[in-house]
């Protein structure tokens, strides 16, 4: 029974990933390569000098991820929250400013893989903080903030189940 439940959750995660726009899918896969150190992101993802520079900036921004994983607040003290949420909002701002994440669902999908299931309760706050900053164009700000459902913003609890589907780079086969 547990295997069936895990398999169905993995399929649900795959379906969710498939529902994202192609630019979001590509950015999520690239971000997981950068943030989890899975692949050489320059070799796989850089199509031109601009993208190469973007990946270099992403590596710098994502240096905070290890500290964020280690600093996950275990209590609700202001000091624990401030240190964690401030850093998380800074990294989230980088990702949202790239104009490739278009909704909260894609943001949540990416960050629960970068940081783990324990980060889920903090993601709506970080998303709102980053999306509302002046670094994000006003028209994008509106779309991003509207993408956060009331259910996600007011959830009384979050699952602590670790994600099981981590999308990876897929090389396109040459036409025979």
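Measuring from label point to label point, each 7 Å out along Cα→Cβ, what is the residue 140 to residue 168 span in nm?
Label-label distance for residue 140 and residue 168, simple model: 3.0 nm.
For residue 80 and residue 133, FRET efficiency with R0 = 22 Å and r from the beta-carbon atoms, rounded to 0.05? Mind showing how you got there, number by number?
On the way: r = 22 Å, r/R0 = 1.01.
According to the calculation, E is roughly 0.50.
Mind sorting out which of [x] 122; [y] 112; [z] 147 is the real volume of the Cα convex hull per residue in Å³ computed from the coordinates?
For volume of the Cα convex hull per residue in Å³, the calculated option is [z].
Along the Cα→Cβ direction, 7 angstrom out, place labels at residue 15 and residue 152. What is the inter-label distance in nm?
Result: 1.8 nm between the two label points.
With runs of 4+ DSSP H residues as the only contributors, calculate the mean residue ellipticity of the chain at 222 nm using -39,500 (n - 2.57) per run, divided by the residue total and rounded to the nearest 500. Walk me through the numbers before you get to the answer.
Numbers: 10 runs with 112 residues, N = 176.
For the chain, the value works out to -19500 deg cm²/dmol.
Calculate, for residue 44 and residue 117, the FRET efficiency according to 1/(1 + (r/R0)^6) with r their C-beta to C-beta distance and R0 41 Å; round to the nearest 0.05.
Working: r = 26 Å, r/R0 = 0.64.
After rounding to 0.05, the efficiency reads 0.95.
May I ask you to derive the relative contact order of the range 22-153, considering only C-alpha pairs under 8 Å and at least 6 residues apart, and to give it as an integer percent? Can you show the working numbers first?
Values: 118 pairs, mean separation 32.9, N = 132.
So the answer I get is 25 percent.
Pop a pseudo-label 7 angstrom from the Cα along the beta-carbon direction at both residue 99 and residue 64 and give the gap in nm to one decimal.
For residue 99 paired with residue 64, the spin-label model returns 2.2 nm.
Bear in mind that the values in this text are calculations on the coordinates, not laboratory data. This is a predicted model, so every value here is computed, not measured. Don't worry about glycine lacking a Cβ; one is built from the backbone with ideal geometry, like all the others, and counts go over all protein chains shown.
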